[in-house]
Amino acid sequence: MSDAPLPFPTAPGAVPLLGHLPQLARAPLPFVRQLRRHGPVVRLRLAHREALAITNPRLVRRILVDDAHQFDKGGSVADSMERTLGNSLVTCPADEHPRQRGLMNPGFHPSRMPRYSEAMLGAAVEVVESWAPGRNLHLEHEAHRLAALAVARSLVAAPAAASAAAVLAEGLPDISRGMYWRGLLPGKAFASLPLPVNRRYEQQMARTRHAMDLVTAQYRNSGEDYGDVLSKVAPACEHAADLHQSIRDQVLTLLFGAVETTAAALVWTLRLIDEHKLAPRLRAELHDVVGGTLPTHEHIAQLDYLQRVITEALRLHPPAWLGTRVATASVSWPEGTIPEGTDVTFSPYALHRDPSVFEDPDAFHPDRWKRENVTSDQRRFHFAFGAGKRKCIGDDFAMTELALALAVILTKWQLHHHPSPAAQPTPRFILAPPPTSVTLQALEG
């Protein structure tokens, strides 16, 4: 990228040497949200680097869909993800993506979802039935436990995967926080500092890599088809330069993507259900659709209000709250020209609060997603799972798991939420909910 200043207005508040990094470190969510006031494309200074923040949802869709051939995975967030997760479907460059997507597509075909739903339901029931009346729970821990168990019974089902997923789930907060800081301050200098965030990241990554090595060895050595995604992908890695690393990258990416994001979304949704007193309405819908039994895959499409609640929760609190790309060519827009090699960044968290798309954008309003209310712009500019060719391959998987987990929890327990001393989100690599403690009360009948 040229050293000349980018031809766009600069966000206010930059400080010498560090630029806008203090604002992204101290209060990133208010910072990315207020950037819209300064234009659709805003210049950021990040220490010695520059980047462009895209604040207009139509331009972001252009990056992800219409002009996707002019942008590639890249930028500080994507680079930090690649350093942690390796070369996989989520992190690979554009020229590698069709091959990797082709490997994964069969495992996420709609025909496989009923089988995955059984595994998800079993995981939810196992976790929820381990709870006891009067017990105090940390919902984040239980959500990670549930999501880890579900993915270890569906996407990565080798015997060692359950313990590996549990190890990853335990370490995810520290790993995600380390990834975020390494995205803000890329390079070896920050990562080498003996800071608590770095020590915890390295400790948890060492434990995670060891656990992933055991899973990888089972896929390499057993030759068994476990009926999961990795059983299809592992043989296709045979020609990789480093077979073990190639399989491990896929295992880690699937577990990370399916555990951290789903767990965060589950807790956010439960918090919103409690805040807006929606549990009785949701239980009534479950009773009408399911009766007194557990839901099945066929029931999910009929749980219309539950689906709207989840969609609205993902609008307000998208786990993947920050994305980056790099321009692979000079991109000419009416708003200005983006030089080749420029990092661009966008925030679904901020884009989902654009009042030109979402009326009363801060309000939790599930009925905005009713068929008679929803607009085409709302559908096009809901970026919780991305858009275009690189839209999350597991979007249906995640929505199914969230619906089943919520259905099981709501039909068995009343959750009494404790007042939260720190009710603000925790921006890590994933938009994590604040600590959420509840007391359990069993539902009668």
Qualifying residue in the stretch 3-10 (condition: surrounded by 20 or more Cβ atoms within 10 Å (Cβ to Cβ), touching a residue at least 12 places away in the same chain (Cβ under 8 Å) and under 13 Å from Leu351 (Cα atoms)): no
Find all pairs meeting these conditions: Cβ atoms under 7 angstrom apart; at least six residues apart or on different chains; first residue within the stretch 228-250 and in contact (Cβ under 8 Å) with a residue 40 or more places away in the chain; second residue of a type in the set (Phe, Trp, Tyr). Leu230/Tyr219
Pairs, please: C-beta under 8 Å, at least 6 apart or cross-chain, first residue free of Cβ contacts under 8 Å to residues at least 12 places away in the same chain and in the stretch 314-330, second surrounded by fewer than 24 Cβ atoms within 10 Å (Cβ to Cβ)? Ser330/Thr337; Ser330/Pro339; Ser330/Glu340
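Here's the yes/no breakdown for (1) surrounded by 17 or more Cβ atoms within 10 Å (Cβ to Cβ); (2) modelled with pLDDT under 95; (3) not aliphatic (A, V, I, L, M):
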site	(1), (2), (3)
Glu126	no, no, yes
Ser130	no, no, yes
Glu140	yes, yes, yes
Ala143	yes, no, no
Leu149	yes, yes, no
Arg153	yes, yes, yes
Ala158	yes, yes, no
Ala161	yes, yes, no
Ala169	yes, yes, no
For the stretch 51-65, give me each residue that is surrounded by fewer than 20 Cβ atoms within 10 Å (Cβ to Cβ) and assigned to a strand (DSSP E or B). none
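Residues checked against (1) part of a helix (DSSP H, G or I); (2) open to solvent by 40 Å² or more (accessible area, probe 1.4 Å); (3) of a type outside the set (Gly, Ala, Ser):
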| residue | (1), (2), (3) |
| --- | --- |
| Ala241 | no, yes, no |
| Leu255 | yes, no, yes |
| Ala264 | yes, no, no |
| Val267 | yes, no, yes |
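Residues are listed down the side, and each one gets a yes or a no for (1) modelled with pLDDT of 95 or more; (2) over 30 Å from Asp228 (Cβ atoms); (3) in a loop (DSSP other than H, G, I, E, B):
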site: Asn373; (1), (2), (3): yes, yes, yes
site: Asp377; (1), (2), (3): yes, yes, no
site: Phe383; (1), (2), (3): yes, no, yes
site: Lys389; (1), (2), (3): no, no, no
site: Leu410; (1), (2), (3): yes, no, no
site: Leu415; (1), (2), (3): yes, yes, no
site: Ser420; (1), (2), (3): no, yes, yes
site: Ala423; (1), (2), (3): no, yes, yes
site: Pro435; (1), (2), (3): no, yes, yes
Looking at the stretch 82-97 only, could you name the residues that are in contact with a Lys or Arg (Cβ under 9 Å, 6 or more places away or on another chain), touching a residue at least 40 places away in the same chain (Cβ under 8 Å) and not small (Gly, Ala, Ser)? Arg83, Thr84, Leu89, Val90, Thr91, His97
Within the stretch 283-306, which residues are among the acidic types (Asp, Glu) and farther than 16 Å from Glu401 by Cα? Glu285, Asp288
If you go through the stretch 377-426, how many residues are within 28 Å of Ser88 (Cα to Cα), of a type in the set (S, T, N, Q) and in contact with a strand residue (DSSP E or B) (Cβ under 9 Å, 6 or more places away or on another chain)? 1
I'd like the full set of residues that are surrounded by 15 or more Cβ atoms within 10 Å (Cβ to Cβ) and assigned to a loop (DSSP other than H, G, I, E, B), limited to the stretch 323-334. Thr328
Subset of the stretch 291-307 [open to solvent by 20 Å² or more (accessible area, probe 1.4 Å) and assigned to a helix (DSSP H, G or I)]: His297, Glu298, His299, Asp304, Gln307
Long-range neighbours under 7 Å by Cβ, at least six apart or interchain, first residue farther than 19 Å from Gly178 by Cα within the stretch 204-223, second open to solvent by less than 10 Å² (accessible area, probe 1.4 Å) and not in a helix (DSSP H, G or I): Val215/Val156; Val215/Ala158; Gln218/Ala158; Tyr219/Ala158
Could you check, for the stretch 216-236, whether at least one of its residues is open to solvent by 40 Å² or more (accessible area, probe 1.4 Å), basic (Lys, Arg), touching a helix residue (DSSP H, G or I) at 6+ places or on another chain (Cβ under 7 Å) and modelled with pLDDT of 90 or more? no
Got at least one residue in the stretch 397-415 being surrounded by fewer than 22 Cβ atoms within 10 Å (Cβ to Cβ) and without any contact (Cβ under 8 Å) to a residue 12 or more places away in the chain? no
Name every residue in the stretch 342-357 that is outside any helix (DSSP H, G or I) and either open to solvent by 30 Å² or more (accessible area, probe 1.4 Å) or under 17 Å from Val42 (Cβ atoms) (or both), in order of residue number. Thr342, Asp343, Val344, Thr345, Phe346, Ser347, Arg353, Asp354, Pro355, Ser356
Filter result (surrounded by fewer than 20 Cβ atoms within 10 Å (Cβ to Cβ) and assigned to a helix (DSSP H, G or I)) within the stretch 85-102: His97, Pro98, Arg99, Arg101, Gly102
Can you tell which of Ala279, Ala320 is open to solvent by 10 Å² or more (accessible area, probe 1.4 Å) and either within 20 Å of the chain's Cα centre (by Cα) or hydroxyl-bearing (Ser, Thr, Tyr) (or both)? Ala320
Boolean, Pro194 is out of contact with any strand residue (DSSP E or B) (no Cβ under 6 Å at 6 or more places or on another chain), assigned to a loop (DSSP other than H, G, I, E, B) and modelled with pLDDT of 90 or more: yes
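The values are calculated or read from the model by the stated rules, or taken from the named source; none is laboratory data. It should be emphasised that the depicted structure is a prediction, and the values quoted were computed from it without experimental measurement. Please note: Cβ atoms are built from the backbone with ideal geometry, for glycine as well, and neighbour counts cover all protein chains shown. For the accessible areas, the whole protein counts, side chains as well, though only heavy atoms, and no ligand, DNA or RNA atoms are used. Shrake-Rupley method; radii C 1.70, N 1.55, O 1.52, S 1.80 Å.
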